[in-house]
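The values are calculated or read from the model by the stated rules, or taken from the named source; none is laboratory data. Remember, predicted model here, so these are calculated numbers, not experimental data. Accessible surface is based on the protein model in full, side chains and every heavy atom, while ligands, DNA and RNA are left aside. Shrake-Rupley method; radii C 1.70, N 1.55, O 1.52, S 1.80 Å.
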Amino acid sequence: MKIKNVFKWLLTSIQICLIIITGVIYYLSNKKMGLKRSLMFRNINWNNQNFDRYMTFSLIIILSIFIILTIINFMKKQELKWSLTFSVISIMCIIFAIVVKSEVILSYYVLLICMNICLIIEIIKLNFKK
């Protein structure tokens, strides 16, 4: 029981660090020219490789996993609100990935990668909640 709590706190702290790092990169991408040029170069490379499609598909897969977990939790009469909350967050991330493009936000791919990692961590935390 104690190891689960430590593991959940560790995963939560990793999520918080990812969100802070993403916020800092987003803020500095508007202020610092060196980071702006680096992100523009990476965006051009990732646009040529259709990286946004892969990230959108991975977000859709994560959403489908959340929906499956929600159905399983509903059948077992466990906490349904957490699964529904994460499903809504996942849907919002998919909408962000589809609507916003890398030309609008320079740190677009960094945001997508961090969203994917945070949602995968949430799936792991949901499985340890049982």
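For segment 22-38, in order, what is each residue's ³J(HN,Hα) by Karplus, 6.51 cos²θ - 1.76 cosθ + 1.60 with θ = phi - 60°, in whole Hz (x at glycine and Pro)?
5, x, 5, 5, 5, 5, 6, 5, 8, 10, 9, 5, x, 5, 4, 5, 4
Quick one: angle between helix 80-99 and the longest Cα principal axis of the chain, in degrees between 0 and 90, rounded to 10, please.
It is inclined by approximately 20 degrees.
By what distance, in whole Å, do the Cα atoms of the chain stretch along each of the three principal axes, largest value first?
Here the Cα extents, ordered largest to smallest, are 51, 28, 20 Å.
Which value in deg cm²/dmol, rounded to the nearest 500, describes the helix-derived mean residue ellipticity at 222 nm for the chain, given -39,500 (n - 2.57) per DSSP H run of n ≥ 4 and division by the residue count?
Computed ellipticity for the chain at 222 nm equals -30000 deg cm²/dmol.
Report, to the nearest whole %, how much of the accessible area of segment 1-120 belongs to carbon and sulfur atoms, 1.4 Å probe, protein only.
Values: 5950 of 7980 Å².
Taking all protein chains in place, segment 1-120 shows 75 percent carbon and sulfur surface.
In this model, which of 4/31; 4/76; 31/101; 8/76 are farther than 29 Å apart at the alpha-carbon? Present the calculation step by step, with values, prior to reporting the outcome.
Working: 4/31 41 Å; 4/76 20 Å; 31/101 20 Å; 8/76 22 Å.
Too far apart for the 29 Å limit: 4/31.
For the chain, with every protein chain kept in place, what is the accessible area per residue (1.4 Å probe, Å²)?
Result: 65 Å² of accessible area for each residue.
Against the longest alpha carbon principal axis of the chain, how many degrees, from 0 to 90 and to the nearest 10, is the axis of helix 108-128 turned?
10
Treating the angle as unsigned and between 0 and 90°, give the value, to the nearest 10°, between the Cα long axis of helix 51-75 and the longest Cα principal axis of the chain.
Its long axis makes an angle of about 10 degrees.
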